[in-house]
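To start, the structure itself, in structure tokens.
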Amino acid sequence: TFTYEVQLPELKESAEIWLPIAQSDSFQEIEILSIDAPVEYQLLSEDENKNSILYLKLLSKHAHDKIIIQYQVQRTEKSAYNEDAFNPKKYLKATALNPIGDRFELISSSVIESKRANTPLMKARALYDYIIDNMRYAKEGVYGTGDANYACDSKSGNCTEFHSFFISLARSARIPSRFAVGASIPSERNEGDIDGYHCWAEFYAEGKWWPVDISEANKYTPLATYYFGHHPANRIEFSRGRDLRPDPLPKSGPINFLAYPIFEIDGKPAYIKTTFSFKRAMSKI
């Protein structure tokens with residue numbers, strides 16, 4: 001059971017909030033057990049990336065209320081997989097914080113040439129190894145936005161910087177790639193709080209999408225080969241893509257990526273406390 005909980009702050013004016021809604025796919029079965037909210041909500045469809053988004057309009061009387069979403073999740077290990085009918089060109093374009101070309105093309109070309117990589121799969125592995133070898137996992141500076149330029153300059157960041165840098169390099173090498181975000185479930189315990197979101201990437205080669213988790217590979221180098229082409233079962237995916245454009249759109253513009261809620265008071269972005277927790281279902285012997 002996975003619980004996504006939001007604590008509303010003091011509200012003296014009207015507010016709006018957008019939250020991701022996890023969906024089933026070939027690797028996760030999602031059942032929404034409950035959505036507890038202080039006001040009637042809408043489920044929005046973000047068609048470009050096929051995301052589902054919970055949207056609420058709030059009033060001052062909803063101050064200090066909670067929004068709680070509970071899921072039952074069954075997840076399996078993810079490996080390279082086929083996807084029916086999609087446009088690869090869609091995953092070669094730049095986004096606001098994922099530029100392509102220029103220095104990203106120079107870096108990717110240099111890395112690929114130095115490794116003598118001559119297939120998309122080998123090229124992706126060369127870029128994956130380059131990021132592991134040259135970036136440092138550190139929550140300092142302006143991290144957590146997934147700005148590929150910041151990642152390229154600082155060579156540091158959290159999972160968003162690692163995977164944004166990879167996507168900019170891969171797309172600059174004409175390798176379709178995409179971003180997803182959710183949460184990792186601790187494997188060493190069976191219940192409790194979860195320390196924030198986690199994100200990852202996928203690239204397209206040899207007719208399949210290949211999952212990668214470069215920040216985890218950087219932290220646990222003996223698992224670097226595993227994380228090139230695999231994601232473990234202990235995670236839940238919330239949403240995919242960058243620059244999300246639901247209708248209605250936040251006043252701040254397209255959503256960079258959707259893990260924590262987008263919350264606006266009187267049209268201005270504001271902080272909102274968000275916590276994740278889980279309880280593992282124990283199999284009966």
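The values are calculated or read from the model by the stated rules, or taken from the named source; none is laboratory data. Since the structure is predicted, the reported quantities are computational estimates derived from the model, not experimental observations. Positions of Cβ are backbone-derived with ideal geometry, glycine not excepted, and every protein chain shown enters the neighbour counts. Calculation scope for accessible area: heavy atoms of the full protein, side chains included, ligands and nucleic acids excluded. Shrake-Rupley method; radii C 1.70, N 1.55, O 1.52, S 1.80 Å.
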From the options THR95, THR160, residue that is polar (S, T, N, Q), modelled with pLDDT of 95 or more and open to solvent by 30 Å² or more (accessible area, probe 1.4 Å): THR95
So LEU106, is it of a type in the set (A, V, I, L, M, F, W, C), open to solvent by 40 Å² or more (accessible area, probe 1.4 Å) and either assigned to a loop (DSSP other than H, G, I, E, B) or within 29 Å of TYR227 (Cα to Cα) (or both): yes
Any strands (runs of 3 or more DSSP E) falling wholly within the stretch 1-64 and containing at least 1 residues that are touching a Gly at 6+ places or on another chain (Cβ under 8 Å) and of a type in the set (A, V, I, L, M, F, W, C): none
Where TYR130 falls short, out of the listed (1) touching a residue at least 40 places away in the same chain (Cβ under 8 Å); (2) surrounded by 19 or more Cβ atoms within 10 Å (Cβ to Cβ): (1)
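Considering only residues that are of a type in the set (S, T, N, Q) and within 20 Å of ASP213 (Cβ to Cβ), which ones fall in the stretch 96-130?
Hits for the stretch 96-130 are ASN98, SER108.
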Subset of the stretch 193-207 (residues that are in contact with a strand residue (DSSP E or B) (Cβ under 6 Å, 6 or more places away or on another chain) and open to solvent by 10 Å² or more (accessible area, probe 1.4 Å)): ASP193, ILE194, TYR197, HIS198
Where a residue in the stretch 79-104 is of a type in the set (Val, Ile, Thr) and its partner, wherever it lies, is open to solvent by less than 80 Å² (accessible area, probe 1.4 Å) and not in a strand (DSSP E or B), with Cβ under 7 Å and at least six apart: THR95/ARG242; THR95/ASP243; ILE100/ALA94; ILE100/SER168; ILE100/ARG171; ILE100/SER172
Pair list, Cβ < 8 Å and 6+ apart or interchain, from the stretch 137-151 residues that are in a helix (DSSP H, G or I) to residues that are of a type in the set (A, V, I, L, M, F, W, C) and surrounded by fewer than 17 Cβ atoms within 10 Å (Cβ to Cβ): TYR150/VAL142
Candidates LYS78, LYS57, LYS93 - the one that is farther than 24 Å from LYS279 by Cβ and touching a strand residue (DSSP E or B) at 6+ places or on another chain (Cβ under 7 Å): LYS57
Options LYS208, LYS273: the member that is out of contact with any His (no Cβ under 7 Å at 6 or more places or on another chain), among the basic types (Lys, Arg) and over 30 Å from THR119 (Cα atoms): LYS273
Residue match in the stretch 61-78 (condition: touching a Lys or Arg at 6+ places or on another chain (Cβ under 8 Å) and open to solvent by 40 Å² or more (accessible area, probe 1.4 Å)): no
Test: GLU113 is under 20 Å from the mean Cα position of the chain (by Cα) and among the charged types (D, E, K, R): no
Filter pass, GLY141 being in contact with a helix residue (DSSP H, G or I) (Cβ under 8 Å, 6 or more places away or on another chain) and open to solvent by 40 Å² or more (accessible area, probe 1.4 Å): yes
